[in-house]
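The values are calculated or read from the model by the stated rules, or taken from the named source; none is laboratory data. Note that this is a predicted model, so its numbers are computed, not measured. For neighbour counting, all protein chains shown are included, and Cβ atoms are generated from backbone atoms with ideal geometry for every residue, glycine included. What goes into the accessible areas is simple: the full protein's heavy atoms, side chains included, and nothing from ligands, DNA or RNA. Shrake-Rupley method; radii C 1.70, N 1.55, O 1.52, S 1.80 Å.
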Amino acid sequence: MNGARPVYCFGPFRVDVQERRCTRNGEPVSLTPKAFDMLVYMLSRTGHLLEKDTLLEELWADVMVGENCLSQNVRALRKALADEAGQCSYIETVPRRGFRFVAQVYIEFGEDEQPSPPPVPPSEPALVLQEVQRPQLERWPVRRMLFWSGATVLLGVSLFVTLLALGPHSSPPKPDTPLKSLVILPFRPLGKDRQHPHLGLGIADAVIGRLTNLGKIRVCSTGTIFHFAETPVDSVTVGRQLEVDGVLEGTFQREGERVRMTVQLIEVRSGKPIWAEQFDERFTDVFALQDILATDVSQALNLKLTLDDQKHLKRHTTENLAAYEAYSRGLFFWNKRLEPDLRHSISCFEEAIAKDPAYALAFAGMADAYGLLGYYGVSAPSPAACFEQARSAALQALALDKSLAEAHIALALVKFHADGDLNAARVELRRALLLNPNSATAHLRIHAVLERQGELVQALQHIREAHRLDPISPTINRVLAETLYRQGQNTEAEDLCRKGIEINPQVYFSYEQLGKVLVAQGEYGQALAAFQKAQELNPRLDLREDLGHLYALTGQQREVQKLLREFQQELPRRPDASINLAMIYVGLGNQAAAFKSLEESQAPKHLIGYVLRTDPRLRGLQADARSAQFSASGSGFH
């Protein structure tokens, strides 16, 4: 049979799969590519009911389309076959369910003259591969190969293909070892929802929250996955970047009052799916859909759930759909961290609270957004007013739900910056980490508290854990590099800076920190290039202190004197310019002038003490007895 190709035959029609050609009594029949694919799919499953969802999944694997598109292709196919819906000579409609190909079908060979097998009656399936694609969600070129294999099964040519056909009916492949860590990517919106990435982030966030609080598997935080909300990514690559065992990804599309969602769980080591499912629910039942999804994922992960765990998986933060959508928008913009986006997030959180006044998570989101505005020092409202708004919202969130880690994290920000109460901030962050040990934000912020309190070993442990949870966060990457730089671990700090630049070459502070590290290593030319790149990416960035220190080290007196004059002129309105002066004087080797600048400074002594203790450039001053007059303190949140 070498060279023979199977051809489906029914009535006056012959369908050559390999040549992608359909004829009627020898005359070509015009079919669109998708209509031809649909015809072949139906022919391979003659006599079987083909559910609408199955047809959509199999024929439009790479894009989510609605039933209207499916119906249009069925109508086009019927028209091409001269098959009126009322007569159902070939394609039968099963109301509210799908379609069935009802004609008798047999196989011929396109080249060799081979006897045809007996016709296949409609009651007998032409293939036994109907469910083969569901667990793996394979793409279309593989399906064409499976159609060939199915035809070979029908003819009894290959035992191997028979086994292949039977295999997919078993359970999906299991990983060699249990998955201990997971990243849930933002669900990718399709159709009209493509312009609303916050919806996919909200779905992922809901499942993350439920699985995280079970405490049975490490799940990357929502802040980690935010980076992928707007740009399609390769899931296995992301899984390897985040150093997790599994990736859960999915798509969704709303059509009227319904939402269709397709998800799959991928083992990162092998790159293969180990579980997949499709859901179709009323959009008004999105919370029930989240319940089912969280439960099914926990079962796919083989998590041992108690009755309390099962109840927790169905715990809702709100029952109001409009409030949930507003919160999802707020979460999306809060993660951007820029001032305009934080203000937008506050409006969204306020809308969510107006829809559901008991929505604790929305209060927590609003609290953190106000707290970050206060930390950024915005002019309107004042930082003090922002911190008070943050305090009020955080306390309201805790009054509604004391177990909300996000509320404790937001309150800690207020305790730290507005109250200057390091111990209280530390207590709140410890509580947050007990409730959610996978919060990279909590680890990042407690690092700042511990560093200010002089507990450098613990501080480094927490920023390393934040980096482990979110290794592609530019902010966490930079803070870890800065911490290592302060502790003299410059080789690792340089590697982190360069890795951050590789991940996102448009982040200015990665170049800024790299410049500082290179100065410490004596690579002055490369350091200058790094500072210049940072300035190019952010023209508003003030690098005069860094450049002044570098110019002093390299003997560029003209530039040094210019910057010294500028900082002297700024002292009356900006007392911390005295620290800038000290940095330049140290670069010049003039410690006496550096100390004089600090001793005459009107800047807070605790701020000067913190800089003296942590900045490697001033290490030569730390051994001087005069440094004891400055109490050690400083740092900040992000």
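Normalised by the residues of segment 256-312, what does the relative contact order come to in percent, with Cα pairs under 8 Å and at least six apart?
Answer for segment 256-312 is 28 percent.
Enumerate the calculated ³J(HN,Hα) couplings along segment 183-200 in order (Karplus 6.51 cos²θ - 1.76 cosθ + 1.60, θ = phi - 60°), each rounded to whole Hz, writing x wherever the residue is Gly or Pro.
Each residue of segment 183-200 in turn: 10, 9, 6, x, 5, 7, x, 10, x, 5, 8, 4, 7, 10, x, 5, 5, x Hz.
With a 1.4 Å probe and every protein chain left in place, tell me how much accessible area GLU319 has, in Å² to the nearest 10.
130 Å²
Using each residue's phi in segment 206-212, evaluate 6.51 cos²θ - 1.76 cosθ + 1.60 at θ = phi - 60° and report the 3J(HN,Hα) Karplus result to the nearest Hz, with x for Gly and Pro.
In residue order, the calculated couplings are 5, 6, 4, x, 6, 6, 4 Hz.
Please go through the residue pairs LYS402/LYS605; LYS562/LYS605; LYS562/LYS596; LYS355/LYS402 and name each one whose alpha carbons sit more than 29 Å apart in this structure.
Violating the 29 Å limit, Cα to Cα: LYS402/LYS605.
For VAL268, list long-range residues whose amide hydrogen, built 1.01 Å from N in the peptide plane, is under 5 Å from its own amide hydrogen.
Residues meeting the amide H criterion: GLY246, VAL247.
Only bridges whose two residues both fall in segment 178-304 count here: according to DSSP, what percent of them are antiparallel, nearest 5?
Counting only bridges with both partners in segment 178-304, antiparallel ones make up about 75 percent.
Remind me, relative contact order of segment 486-638 in percent, using alpha carbon pairs under 8 angstrom and six or more residues apart? Write out the running numbers ahead of the final one.
Values: 180 pairs, mean separation 24.8, N = 153.
Over segment 486-638, the number comes to 16 percent.
Computed over the Cα atoms of segment 191-237, what is the ratio Rg over Rh, Rh following Kirkwood?
Looking at segment 191-237, the ratio lands at 1.01.
Among the listed pairs LYS192/LYS336; LYS180/LYS272; LYS180/LYS216, which have their C-alpha atoms separated by more than 18 angstrom in this model?
Details: LYS192/LYS336 23 Å; LYS180/LYS272 16 Å; LYS180/LYS216 8 Å.
Correct reply: LYS192/LYS336.
Sort 326-337, 39-50, 519-530 for me by packing, meaning the mean count of neighbouring Cβ atoms within 10 Å per residue, highest on top.
Ranked by mean Cβ neighbours within 10 Å, highest first: 326-337, 39-50, 519-530.
Counting only the heavy atoms of the protein chains, how much of GLU339 is accessible to a 1.4 Å probe, in Å² to the nearest 10?
80 Å²
Enumerate the amide H contacts of ARG21 below 5 Å, restricted to partners 5 or more residues apart or on another chain; note that Pro and chain-start residues carry no placed amide H.
Answer set, sorted by chain and number: ASP16.
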